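Everything on this sheet refers to the single structure shown next.
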Amino acid sequence: EERSRTMGLKEAEDVKMLAQEELMHKNSRRKSQEAYTEEMMRVAAEEQKFAMQEELQRERTRKEVQDAVHQEEIRIEQENRKEEMMEEANRVYSKKLANAEAEAERNRILSEEDKEKMEEERERRANKDLAVTAMHMEQEQRIAALQQKDHQEMKERNQNRDRARRMSDAGQAERMEMEAAAGHHHLPADVEGELM
């Protein structure tokens with residue numbers, strides 16, 4: 001009975017030890033499983049973190065590219081606007097220059113026309129002055145000719161009057177002489193006929 005009890009105790013110890021070993025194995029496996037799970041979770045978290053970082057980097061790169069493209073578009077648009085403004089400025093300058101040249105040409109033509117008109121007016125006045133001068137000269141010549149004619153006629157009338165007076169005086173003197181001579185002696189017939 002004692003032996004039987006001792007054997008029973010021993011078996012109980014063995015069972016207990018086996019149970020404890022089994023428990024330790026279980027705990028060890030559980031801990032290993034937990035450690036594995038934790039490691040897997042850590043690795044998964046690292047991978048997720050890395051993936052998120054990569055996604056952030058890609059997003060940052062994509063944004064940088066978009067910003068660069070946008071900046072380039074703005075630069076090109078500004079260049080185009082600057083070029084359009086320069087072209088517009090050139091068009092305005094060319095138009096102003098053309099208008100100024102046209103205005104200068106109009107002024108030149110007007111100046112030429114004014115000069116021609118002034119020249120025509122001066123020539124017309126000169127011709128008028130010449131005509132007036134010629135008319136005055138002609139009038140003066142006519143007046144001078146009339147005065148000369150009147151003077152000549154007056155001179156001729158005076159001369160004729162003087163000649164008539166002289167002839168009359170001479171005739172009277174001759175008659176008086178003849179009458180006086182007739183009282184003293186007779187003249188020859190031919191002389192007497194001449195005197196008559």
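General observations
- Each of Gln53 and Met85 was given a label point 7 Å from its Cα along the Cα-to-Cβ line. The distance between the two points is 4.7 nm.
- Simple label model, 7 Å out from Cα along Cβ direction - Lys26 to Ser111, nm: 12.4
- Residue-wise HN-Hα coupling along the range 105-111, computed from phi with Karplus coefficients 6.51, -1.76, 1.60 (Hz; x: Gly, Pro): 5, 4, 4, 5, 5, 4, 4
- Candidates Ile143, Thr37, Val92 compared by Cα position along the dipole of the range 13-148: farthest toward the positive end lies Ile143, with charges placed on Cβ.
- Spin-label pair Glu153-Tyr36: with each label point 7 Å from Cα along the Cα-Cβ axis, the two points sit 17.1 nm from one another.
- Reported label for calculated Rg/Rh (Cα atoms, Kirkwood Rh) given (1) 1.02; (2) 2.25; (3) 0.95: (2)
- Backbone geometry of the range 114-128 corresponds, through the Karplus equation with coefficients 6.51, -1.76 and 1.60 at θ = phi - 60°, to 3J(HN,Hα) couplings of 4, 4, 4, 4, 4, 5, 4, 5, 5, 5, 5, 5, 4, 4, 5 Hz, x marking Gly and Pro.
- Between the range 20-34 and the range 142-171, the Cα center-to-center distance that results, in Å: 187
- Dipole magnitude of the range 2-195 about its Cα centre (Cβ charges: Lys, Arg +1; Asp, Glu -1), debye to nearest 20: 1280
- Farthest positive-ward along the range 2-195 dipole, Cα basis, beta-carbon charges - from Asn127, His25, Ala170: His25
Bear in mind these aren't lab numbers, they're just calculated from the coordinates by the rules spelled out. It should be emphasised that the depicted structure is a prediction, and the values quoted were computed from it without experimental measurement. Cβ coordinates were reconstructed from backbone atoms using ideal geometry, including for glycine residues, and neighbour counts include every protein chain displayed.
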